[in-house]
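One structure is given below, encoded as structure tokens.
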Amino acid sequence: MIKDFIDDNHIESILEQAKNPDAKHIREIINKAYELKGLSPEDVAVLLQTEDNDLVGAILQAAHQIKRDIYGNRLVLFAPLYVANHCSNNCLYCGFRCDNKELNRVALTMDQIKKEVQVLEREGHKRLLMLCGEHPERSSLEYFMEAIETAYSVKTENGGEIRRINVEIAPLDVEEYRKLKKTAIGTVVLFQETYHHETYKIMHPSGPKKDYSWRLKAMHRAQEGGVDDVGIGALFGLYDYKFEVLGLLLHALQLEKDCGVGPHTISIPRLEPAFNAPAAIKPPHPVSDHDFKKLVAIIRMAVPYTGMILTTRETAALRSEVFDYGVSQISAGSRTNPGGYSDTTSDRFRAAQFNLGDTRTPDEVILDITERGHIPSFCTACYRLGRTGKDFMDLAKPGLIQKFCQSNAVFSFKEYLLDYASPQTRKAGEELISKMLNETFKTKRKKMIGDRLLQIADGKRDVFI
Ligand code: SF4
Ligand code: SF4
């Protein structure tokens, strides 16, 4: 039986001891991060306690370099798909909480889910994150599994299909995770929201989510139930961001120690206003943009091989900045109300989980990131080739995954450009691909990539290595 492995006093004492760090020690830790072997909680605490602007600049610079070394210029894209907003919990920061009697409650039918997926496929999406509230009747595990299978079954013109569905669902027991895994899911994501016990208690006054420990150990149970890729996250703004970063790191280390593999992804949502959600309207510990950039950079240095996910909660301007410091996956064109992609007339605000900071269409986001030199990737190759869990980490840690990722990003982006892009995005995308072919890839790989790009231009789809 795993014990609750988050000791608040221990985290507070690491942070206390790291206060007023000297510049030499900070620079030593930054240099250590360049070795791409990650950082200890004590090292991370020192970076978190760094306030000097020049040294924070050095942290951002290191994270930028690490991101480039490991992820190159690519950014993986996905769309969230909310299927139901019924919830028996009462999280003070969420519009779906059960005490919000004014919310329009929806559980999409399978036909409605099909319509949602059709819209997403026609925008070019290949990866989804499927979510729902926690409600035993209105969003049962059986309903959720049927929703996953329905989404996979939808095919649209130009080979439009969903190739990977990651899921965010309330904590399950081992046997339920085993059952869920049979639906060909990718990563199972679950946020602890806050690692601080007292804050957790205040924020979750009723419902099954009250149980901190059951939630904390869910990703252990998921792995025991055969889920090989798990994702963790914290909702920044509920408690001191420094505490939360250490909570995330300790969670990642514990998973690695107990299950042999750490989290596949770390999500870093920041509190956004939500309909009738008091803690979201006035966050108890707001995180400034400056601190947010710093924490993204520190997480990238601490766990260099773990994907980092940023959603459309953030504004376009801030998103563009933090791509450089470590974010590797982003959502685009999101709706957080069930049915919001296909029913644009619905009263979005009254059925949504939270407000969006970036409301651009996927094509606008893709054009923007392309013009900034990032290559948007719709790649799902690893999951489909069984390169998951420990097999994935064994390739990721020595940096070997990079050669697959970069090539697959180019192939999947080329498909997007031909099938879905606006003329302006297509032009910018073709220019970026040519530039990469000329400047990034060496002769042998350049030829392999060039040959496959010709196949895609000839109509072949779903090309990956
Ligand atoms: S955060 Fe999740 S569990 Fe909490 S009220 Fe919202 S949907 Fe329900
Ligand atoms: S090759 Fe694997 S790790 Fe790289 S982007 Fe594709 S799925 Fe992700």
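The figures follow:
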read-out	value
Number of positions in segment 384-405 that are near ligand 2 (Cβ under 6 Å from one of its atoms) and in contact with a Ser or Thr (Cβ under 9 Å, 6 or more places away or on another chain)	1
Single condition residue 448 does not satisfy, out of (1) without any contact (Cβ under 8 Å) to a residue 24 or more places away in the chain; (2) assigned to a helix (DSSP H, G or I); (3) loosely packed, with under 14 Cβ neighbours inside 10 Å	(1)
Residues located in segment 451-465, provided they are charged (D, E, K, R), touching a residue at least 24 places away in the same chain (Cβ under 8 Å) and not in a helix (DSSP H, G or I)	461, 462
Of residues in segment 403-418 being farther than 30 Å from residue 36 by Cα, buried (at least 17 other Cβ atoms within 10 Å of the Cβ) and touching a residue at least 24 places away in the same chain (Cβ under 8 Å), the one nearest to the chain's Cα centre (by Cα)	416
Top-ranked residue of segment 199-241 - restricted to ones that are more than 20 Å from the chain's Cα centre (by Cα) and of a type in the set (Val, Ile, Thr), ranked as nearest to ligand 2 (Cβ to nearest atom)	199
Residues of segment 266-286 satisfying the condition of being closer than 27 Å to residue 70 by Cα and crowded, with 21+ Cβ neighbours inside 10 Å	266, 267, 268, 270
Flag for residue 336 being part of a loop (DSSP other than H, G, I, E, B), β-branched (Val, Ile, Thr), modelled with pLDDT of 85 or more and not assigned by TED's automatic domain parsing to the domain that holds residue 446	yes
Segment 350-398, subset touching a helix residue (DSSP H, G or I) at 6+ places or on another chain (Cβ under 9 Å) and among the small types (Gly, Ala, Ser), residue farthest from residue 220 (Cα to Cα)	373
Flag if residue 26 is modelled with pLDDT of 95 or more, in contact with a Gly (Cβ under 9 Å, 6 or more places away or on another chain) and over 30 Å from residue 429 (Cα atoms)	no
Answer from 312, 370 - the residue that is under 15 Å from residue 270 (Cα atoms) and touching a Leu at 6+ places or on another chain (Cβ under 9 Å)	312
Residue match in segment 299-306 (condition: over 26 Å from residue 213 (Cα atoms), touching a strand residue (DSSP E or B) at 6+ places or on another chain (Cβ under 8 Å) and not in a loop (DSSP other than H, G, I, E, B))	yes
Segment 419-445: number of residues that are surrounded by 14 or more Cβ atoms within 10 Å (Cβ to Cβ), outside any helix (DSSP H, G or I) and at pLDDT below 85	2
Residue in segment 203-212 that is at pLDDT 95 or above, more than 16 Å from ligand 1 (Cβ to nearest atom) and surrounded by 20 or more Cβ atoms within 10 Å (Cβ to Cβ) present	no
Candidates 356, 395, 367, 400 - the one that is crowded, with 21+ Cβ neighbours inside 10 Å and out of contact with any strand residue (DSSP E or B) (no Cβ under 7 Å at 6 or more places or on another chain)	367
The listed residue being in contact (Cβ under 8 Å) with a residue 60 or more places away in the chain, on the phi > 0 side of the Ramachandran plot and small (Gly, Ala, Ser), out of 357, 339, 307, 386	339
Residue among 193, 149, 121 that alone is touching a residue at least 24 places away in the same chain (Cβ under 8 Å) and within 13 Å of ligand 1 (Cβ to nearest atom)	193
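To keep it simple, each residue is scored yes or no on (1) at pLDDT below 95; (2) of a type in the set (Lys, Arg); (3) over 17 Å from residue 110 (Cβ atoms).
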position: 129; (1), (2), (3): no, no, yes
position: 146; (1), (2), (3): no, no, no
position: 155; (1), (2), (3): no, yes, no
position: 158; (1), (2), (3): yes, no, yes
position: 162; (1), (2), (3): no, no, no
position: 177; (1), (2), (3): no, no, yes
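Yes or no, residue by residue, for (1) surrounded by 17 or more Cβ atoms within 10 Å (Cβ to Cβ); (2) under 30 Å from residue 367 (Cα atoms); (3) within 24 Å of the chain's Cα centre (by Cα):
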residue: 104; (1), (2), (3): no, no, no
residue: 108; (1), (2), (3): yes, no, yes
residue: 111; (1), (2), (3): no, no, no
residue: 116; (1), (2), (3): yes, yes, yes
residue: 119; (1), (2), (3): yes, yes, yes
residue: 125; (1), (2), (3): yes, yes, yes
residue: 128; (1), (2), (3): yes, yes, yes
residue: 131; (1), (2), (3): yes, yes, yes
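Condition check ((1) in contact with a Ser or Thr (Cβ under 9 Å, 6 or more places away or on another chain); (2) over 17 Å from residue 305 (Cα atoms); (3) assigned by TED's automatic domain parsing to the domain that holds residue 304; (4) in contact (Cβ under 8 Å) with a residue 12 or more places away in the chain) across all residues:
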position: 11; (1), (2), (3), (4): no, yes, no, yes
position: 14; (1), (2), (3), (4): no, yes, no, yes
position: 19; (1), (2), (3), (4): no, yes, no, yes
position: 25; (1), (2), (3), (4): no, yes, no, yes
position: 28; (1), (2), (3), (4): no, yes, no, no
position: 33; (1), (2), (3), (4): no, no, no, yes
position: 40; (1), (2), (3), (4): no, no, no, no
position: 43; (1), (2), (3), (4): no, yes, no, yes
position: 52; (1), (2), (3), (4): no, yes, no, yes
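The values are calculated or read from the model by the stated rules, or taken from the named source; none is laboratory data. Given the structure is predicted, the values throughout are model-derived calculations rather than measurements. Cβ sites come from the backbone with ideal geometry, for glycine too, and all protein chains shown count toward neighbours.
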